[in-house]
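Okay, structure first, notes after.
Read-outs: derived from the displayed coordinates by stated rules, not from any lab. Fair warning: this is a prediction, and the values are worked out from it, not measured in the lab. A quick note on method: Cβ atoms are made from the backbone with ideal geometry, for glycine too, and the neighbour counts reach across all protein chains shown.
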Amino acid sequence: MGSVALLLLVCSSWLVSMAAAAPGPPIRAVNLGGWLVTEGWIMPSLFDNIPNKDLLDGTQLQIKSTTQNRYLVVDQGGASAILADRIQASSWETFRLWRINETTFNFRVYGGQFWGVDSNGALVATATTPGPSETFQIVRRDSDKTRVRIRAPTGLFLQAKTMASVTADRAGEYTDWSDNDPSVFLVNNVGNLYGEYQICNGCGIARATQVLRSHWDTFITEDDFKFIALSGLNAVRIPVGWWIASDPNPPLPFVGGSLQALDNAFRWARNYNIGVIVDLHAAPGSQNPYDHSATRDGSQEWGTTDANIAQTVQVIEFLVSRYANNTALLAVELLNEPLAPGTTLPS
């Protein structure tokens, strides 16, 4: 596909493919949100049994040294040292979590780099891709979850002994958790994401598969399609994520099974003469910073590379080829809510 045609495709709002037996206008549709793409505000109970569910991917933390009474900040916004000298917290003082497990994390700074420890033991943010050397453990006080210590990859705890630097050089497990201990920090949670990435990575593949397949089997059923038809509506809009094209073995952390649920929806729709609008709600790289785009940490990376645009087109082609001859297909929505100016597509 040529670049002009590709840009026309991804910048359109809708691709309408009217099937011969699909309902005609006027279309009266209901959105089946929160079914095949997780939106935590719709079903918060899906997250109930995740340990440390307040520390999922994309959680935004502002971290304050108890000793210095100052917030940690990445100097110049990124690619620099972490200091402990800010009275107030804003964007440079806010760190986004990438969750490894319930207690270990990568910390992403404003500029996109990740925390690490340099050869002198100082906390810095220079790595553009996280690995073991950028993985830290959060140890929370049992009686006060906002009071924490942070263990560096070296095994030593971080300390803010001065405002000019934060260092990984505190040995030993003991602390009295007082403000006089420079290895004690206060964390302020200023934002959370509760989307598909968070539930899959927070639960792990085995548990996420169990939780989501149970949800897909019960949240929307054939009885709902019967009710929709009896209520005078003639169409449904079904949000799906880009990983559906790789079902049953999508890339981690996503889990398989949503494609079968979508197939079921088409069968139920035909039974009750309901049209189906398939909505690509989450694109590779995330087309907006919201949890319903399945973003990991609120970063909007869709459209910044040709690769994720091409992958988006492949997902659309997969959906069209799978359902084009199904008489229930009413339309395929190319992409839900791409947010400008967060992409670098040429005008």
Fill in the blank from the handout: Ranked by GNM mean-square fluctuation in the chain (Cα springs under 10 Å), the top entry among Leu335, Leu156, Leu280 is Leu156
Exercise for the section: Would you compute, for the Cα atoms of segment 32-125, the largest minus smallest coordinate along each principal axis and list the three values in descending order, in whole Å? Expected result: 50, 28, 23
Fill in the blank from the handout: In a Gaussian network model of the chain with springs linking alpha carbons closer than 10 Å, the residue among Val73, Val109, Val30 that fluctuates most is Val30
Problem - Whole-number percent relative contact order across segment 182-279, with pairs defined as alpha carbons under 8 Å at least 6 apart - result: 33 percent
Problem - Where only alpha carbons of the chain are counted, the Rg and the Dmax (Å) - result: 23.3, 74
Handout entry: Highest-MSF residue in the chain out of Ser65, Ser90, Ser246 [GNM, Cα springs under 10 Å]
Key = Ser90
Exercise for the section: Could you please report the charge total around Leu193, scoring K, R as +1 and D, E as -1 over all other residues with beta-carbon less than 15 angstrom from its beta-carbon? Expected result: -2
Exercise for the section: Would you kindly state how much longer the chain becomes between Ile27 and Glu173 on full extension, computed as 0.36 nm times their sequence separation minus their alpha carbon distance, in nm to one decimal? Expected result: 46.2 nm
Completion exercise
Around Lys53 (Cβ within 12 Å, Cβ-to-Cβ, excluding Lys53; K/R +1, D/E -1) the net charge comes to -2
Exercise for the section: Write down Rg/Rh for segment 152-277, rounded to two decimals, with Rg from the C-alpha atoms and Rh from the Kirkwood relation over Cα pairs. Expected result: 1.28
Problem - Projected-area average for segment 32-80 over all orientations - Cα convex hull basis, square nanometres - result: 6.2 nm²
Problem - Equivalent ellipsoid semi-axes - Cα gyration tensor, segment 231-302, angstrom - result: 27, 15, 7
Fill in the blank from the handout: For segment 60-191, inverting the pair-averaged 1/r of distinct alpha-carbon atoms gives a Kirkwood value in Å of 14.2 Å
Exercise for the section: Could you list Trp92, Trp216, Trp41 in order of exposure, starting from the residue whose Cβ has the fewest other Cβ atoms within 10 Å? Expected result: Trp41, Trp216, Trp92
Problem - Where labels lie 7 Å past Cα in the beta-carbon direction, separation of Ala340 and Asn273 in nm - result: 4.1 nm
Practice task
Can you tell me how much longer the chain between Gln260 and Ala324 gets when fully stretched, taken as 0.36 nm per residue apart minus their C-alpha distance, in nm with one decimal?
Solution key: 21.4 nm
Fill in the blank from the handout: Met43 and Thr128 label points (each 7 Å along its Cα→Cβ direction) are spaced in nm at 3.8 nm
Fill in the blank from the handout: So, over other residues within a Cβ distance under 13 Å of Val109, counting Lys, Arg +1 and Asp, Glu -1, the net charge is -2
Completion exercise
For segment 244-256, in residue order, the Karplus 3J(HN,Hα) values (coefficients 6.51, -1.76, 1.60; θ = phi - 60°; whole Hz; Gly and Pro = x) are 4, 6, 9, 4, x, 10, x, x, 4, x, 5, 10, x
Fill in the blank from the handout: So the FRET efficiency between Ser90 and Asp306, C-beta based with R0 = 35 Å and rounded to 0.05, is 0.55
Handout entry: Given charges at beta-carbon only (K, R positive; D, E negative), |dipole| of the chain in Debye
Key = 140 debye
